[in-house]
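Before any comments, here is the structure.
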Amino acid sequence: MCGIAGMFRKPNQQALGAMLEALAHRGPDDRGSFIDNRVAIGQTRLSIIDTTSGGHQPMAANKGMIQLVYNGEVYNYREQRKLLESKGYKFETESDTEVVLNLYVEYGDAFLSRLRGIFAIAIYDKRNGDGNERLLLARDHFGIKPLLYVEINGALFFASELKSLLATELVPREVDSEGLRLLLNMGSVYQPSTLVKNVRALPSAHYMVIDKSGSTLKRYWEYGVNRVVGLRELPYEQQVEKFRDALIESVKLQMVADVPVGAFLSGGVDSSLIVALMAKETGGHVKTFSVGFEDGAGAPDETLEAAAMADHLQTDHTRVIVTAADMMSHLDRFIHGLDQPSVDGLNSYFVAHAASQSVTVSLSGTGGDELFLGYPWFAHMNRDFGAVPQPVSPWWKSLFGRRSTTPSDGIDKFREAFGGLYHCFGPKMAYDLMSSEHRAKVTFRSFSEDLSGADEMRNAEPLDRASVLCLNGYTRNQLLRDIDTCAMASSLEVRVPFLDHVLADFALSLPLSSKMAVNTRTLDPGASYSESGVKKILCDVARGYLPETFFNQRSKRGFALPYADWLRGPLAEIMHDTLSRESVIRAGMFNPDMVQKIHSDFLNGHRPWSHPWLLMVTELWRRKVLTAAL
C-alpha cells in the first residue's frame, strides 16, 4: 500500500519531489522516482509484501524501457507468478509488484483482467521509441484505491491524493462548482468529479492510455448477473456451502502479507464472520479493534458487543474509547487526512489510528451490506418496487428554477426513490445552498440524474440493481474513500474481503430469496438478524462460526458518533467560526443566509447534525487543505 504520483509529457523533478512529500504518510518505509525527458513518476512505499529492497519502486522491465509505480495489493499474485514462470519468466524478488509488471509485459493492457485485488497503477512504456511513449493509468474493480489526474498546459499529472496534486503549485486551488453541488446533495463528491476544479478521478474498473494521439479511457470489467452458471438453480443448502468456500478463499487471499494483519470488529455479522474465518485460518489470536465513546456520549456504544464477540472468537482485542478531548486533538489531522470533505469518516479515522499502533494491515467487513442486502433501504426498495420501473414524468420541473434542459434519460422513479433514502441536503437544498457564483456554473439535477452513472444494472431485478447502485454510489464515493484516506493518514492498509469481484459475481448470481427472507418488507430498527431476514445467506454461513444467541438477540444497527453533542459542546466555537456570515462570505462557497438558518435550526433542535457538520468540515478542508500553502 503506497502513494503514487507523476506527470507525463512535461516532467518536472521539483514538482515530483513536492508531490511525493505530500504522500509521505501513505508510504513511510521507502521512496523512489524515475525521470526522463517524457515522464517523471514516483512512489512512497508502505512495505507489506516483500519488505526488503526488492519491492522498491519504480520497478523496471525490458532494460528500463517499462517503468511501473503501483499502490495496492494483488491477492492472486502467487498464482499469476506460477503461470508466468511456466512461460519462462524469471523473478528476482518476492513482491507482487514484479508479478504485475511482468503480466503487463506478457499480456499488454489485457493484464488487468488477470488481477484480483485493490490497486492504482501507472505504467510508462517507451518500447516504441521517441515520440511514441505511452502512459497507462488503471484502477481496481470497485475503486478501493484512489487515482486522480489533471491536465495542465499539455502535461498530465496523476496522484493518489488531491494534496499531492496541489503540492505542485501548478494546479489552481479553486473549488469545483459541480463537485460542491454533489457534495451538498449526497454528502460526498461523486466521482469522477472532485472538489478541485479540473481534477478528475479515474473511474473504477477503467484504465486510461495517454500517448501522442491524446488519451483514451477504457473499461476492463463490469457488473453482471448469473456469471456463476447454475448457481441460482441450486438448492439453497448448496448455495450456502459454495458461498462459504468462496468467502474463505477471499479471506485467505487477503491475509497474505509479510507484516502483522488485524481486523476491525464492530460486533456486527459482517466483521464478526471475517474475524472468525481469520481465526480459523491462523489458528491463533487475531488482533481486533473497535471504537466506542466515553460515558454520557449521545451515541450508542457497541464496543461491549464487539468485546463479547472478541471473547467468543478469542481475539487479541483493543477497545478504543474516544473522548471529546480526543476528537478535538485529532480534528486537524482528520480534516487533512480526509483529502476531500465528507459527511462521515471520523469513525474510520479513529479505529484505523488505533489499529496502526499494532498492525500494518487490517481487514474490514465493508461490502457485506451492499452485496447481501443488509442496509434498511434495500427493504424499502423491495417493498416499493416489484418490477423494473420505467422512466416517469420529471416531477421537479415546475418546482425549481434553473435546471437541466436535456436530461440524459428522463427522471427514473427507481433512482429518485433510492436517492431519497440516503443523501445529505438533497437536490433542491444543495442547489440553493451554493453561493450565487457557484450556482451560476451548474445546472439543477435530480437524484435520478446524479445517480444515472452509478445505475449500471438498470435492466436487472430491482434489488440487484439497487445493490450495484449502492456500490457505485455511497460505497465507492463515501465509504471506501473515507476508509482509504483516513486509514492511510495513519499508514494503515485496509482490505475488504467482501469487495472481491469474484464474490460480487457470486452475489449477483443468487436469487433474491437467498439474500433476503421472502417476508422482509420493512425493517424494524430493533429487529434481530433472525427477525429481520436480512443478509440471509451470509447469516447462515456465519451460524457455523458464531453463537446462535447472536442472531436472535442482536439488533441491526448502524455505527453512530455523538456528533450532535460535540457540535453543541466542544465544537461549538469552531462551528460558530466556520459558519459565521463573515467566514461564509470570505470563502465564497455557500449562501450565507441559508448557512445562518441551518446553524440556528440545528441549535434549536430542528435540523440534523449532518447539515452543520458537513458545512463545517468543508470550510475546515478549504482552510487546511485547499488553501493551506497560500
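The values are calculated or read from the model by the stated rules, or taken from the named source; none is laboratory data. Everything numeric in this text was worked out from a predicted model, so none of it was measured. Because the Cβ atoms are built from the backbone with ideal geometry, glycine has one as well, and the counts that use them run over all protein chains shown. Areas reflect the complete protein model, heavy atoms only, side chains present, ligands, DNA and RNA absent. Shrake-Rupley method; radii C 1.70, N 1.55, O 1.52, S 1.80 Å.
Just the residues that are in contact (Cβ under 8 Å) with a residue 40 or more places away in the chain, under 26 Å from TYR223 (Cα atoms) and assigned to a loop (DSSP other than H, G, I, E, B), please, taken from region 155-206.
The answer is SER160, GLY187, SER188, VAL189, TYR190, GLN191, THR194, LEU202, PRO203, SER204, ALA205.
Take region 445-492 and flag every residue that is more than 17 Å from ASP412 (Cβ to Cβ), outside any loop (DSSP other than H, G, I, E, B) and polar (S, T, N, Q).
THR475, ASN477, GLN478, THR485
Can you find, within region 26-48, the residue that is most open to solvent (accessible area, probe 1.4 Å) among those that are part of a loop (DSSP other than H, G, I, E, B) and of a type outside the set (Ser, Thr, Tyr)?
Out of the qualifying residues, it is ASN37.
Residues VAL240, VAL196: which one is of a type outside the set (D, E, K, R) and open to solvent by 10 Å² or more (accessible area, probe 1.4 Å)?
Only one candidate qualifies: VAL240.
Being within 24 Å of ARG38 (Cβ to Cβ) and either open to solvent by less than 10 Å² (accessible area, probe 1.4 Å) or among the β-branched types (Val, Ile, Thr) (or both) is the filter here, so list the residues in region 77-104 that pass it.
Hits for region 77-104 are THR97, VAL100, LEU101, LEU103, TYR104.
Is it the case, given these coordinates, that ASP505 is assigned to a helix (DSSP H, G or I), of a type in the set (D, E, K, R), on the phi < 0 side of the Ramachandran plot and surrounded by fewer than 21 Cβ atoms within 10 Å (Cβ to Cβ)?
yes
Do any residues in region 58-86 that are more than 17 Å from LEU112 (Cα to Cα) have Cβ atoms under 7 Å from those of residues that are loosely packed, with under 14 Cβ neighbours inside 10 Å, where the two are at least six apart or on different chains, and which pairs are they?
Pairs found: ASN62/ARG127; MET65/ARG127.
Take region 429-443 and flag every residue that is among the small types (Gly, Ala, Ser) and either open to solvent by 50 Å² or more (accessible area, probe 1.4 Å) or in a helix (DSSP H, G or I) (or both).
ALA430, SER436, ALA440, listed by residue number.
Can you tell me how many residues within region 365-377 are open to solvent by less than 20 Å² (accessible area, probe 1.4 Å), among the hydrophobic types (A, V, I, L, M, F, W, C) and in contact with a Phe, Trp or Tyr (Cβ under 9 Å, 6 or more places away or on another chain)?
2
Within region 212-237, track down each residue that is assigned to a helix (DSSP H, G or I) and open to solvent by 80 Å² or more (accessible area, probe 1.4 Å).
Scanning region 212-237 gives GLU233, GLU237.
Residue under question is ALA18, and the condition is that it be assigned to a strand (DSSP E or B) and at pLDDT 95 or above; does it hold?
no
Being touching a helix residue (DSSP H, G or I) at 6+ places or on another chain (Cβ under 8 Å), surrounded by fewer than 21 Cβ atoms within 10 Å (Cβ to Cβ) and not in a helix (DSSP H, G or I): is that true of VAL209 here?
yes
Quick check on region 464-476. Is at least one of its residues hydroxyl-bearing (Ser, Thr, Tyr) and open to solvent by 20 Å² or more (accessible area, probe 1.4 Å)?
So far as region 464-476 goes, yes, one or more of its residues are hydroxyl-bearing (Ser, Thr, Tyr) and open to solvent by 20 Å² or more (accessible area, probe 1.4 Å).
Within region 246-362, which strands (runs of 3 or more DSSP E) (wholly inside it) include 2 or more residues that are surrounded by fewer than 23 Cβ atoms within 10 Å (Cβ to Cβ)?
287-293, 316-322
Yes or no: LEU147 open to solvent by less than 10 Å² (accessible area, probe 1.4 Å), under 23 Å from the mean Cα position of the chain (by Cα) and closer than 21 Å to LYS10 by Cα?
Considered against the rule, which asks whether it is open to solvent by less than 10 Å² (accessible area, probe 1.4 Å), under 23 Å from the mean Cα position of the chain (by Cα) and closer than 21 Å to LYS10 by Cα, LEU147 comes out as yes.
Of (1) hydrophobic (A, V, I, L, M, F, W, C); (2) in contact with a helix residue (DSSP H, G or I) (Cβ under 6 Å, 6 or more places away or on another chain); (3) part of a loop (DSSP other than H, G, I, E, B), VAL99 satisfies all except one. Which?
Here VAL99 meets the rest and fails (3).
Does any residue in region 598-613 that is within 18 Å of ASP344 (Cα to Cα) and free of Cβ contacts under 8 Å to residues at least 24 places away in the same chain come within less than 7 Å, Cβ to Cβ, of a residue that is assigned to a helix (DSSP H, G or I) and open to solvent by less than 20 Å² (accessible area, probe 1.4 Å) six or more places away or on a different chain, and which pairs are these?
Between residues of region 598-613 that are within 18 Å of ASP344 (Cα to Cα) and free of Cβ contacts under 8 Å to residues at least 24 places away in the same chain and residues that are assigned to a helix (DSSP H, G or I) and open to solvent by less than 20 Å² (accessible area, probe 1.4 Å), the close pairs are ARG607/ILE598.
Residue by residue through region 517-553, note down the ones that are modelled with pLDDT of 90 or more and part of a loop (DSSP other than H, G, I, E, B).
Answer for region 517-553, where residues must be modelled with pLDDT of 90 or more and part of a loop (DSSP other than H, G, I, E, B): LYS535, ARG543, GLY544, TYR545, LEU546, PRO547.
Return the pairs, sorted by first residue and then second, in which the second residue is open to solvent by 10 Å² or more (accessible area, probe 1.4 Å) and assigned to a strand (DSSP E or B), the first residue lies in region 38-53 and is of a type in the set (Ser, Thr, Tyr), the beta carbons are less than 6 Å apart, and the residues are 6+ apart or on different chains.
Listed pairs, sorted by first residue: THR44/ARG31.
So, in region 105-125, of the ones that are part of a strand (DSSP E or B) and not aliphatic (A, V, I, L, M), which residue ends up surrounded by the most Cβ atoms within 10 Å (Cβ to Cβ)?
Per the stated criteria, the residue is TYR124.
On the basis of being under 27 Å from the mean Cα position of the chain (by Cα) and touching a residue at least 12 places away in the same chain (Cβ under 8 Å), does GLU294 make the cut?
In short, no.
LEU156: at negative phi and surrounded by 23 or more Cβ atoms within 10 Å (Cβ to Cβ), yes or no?
Judged against the criteria, LEU156 is not a match.
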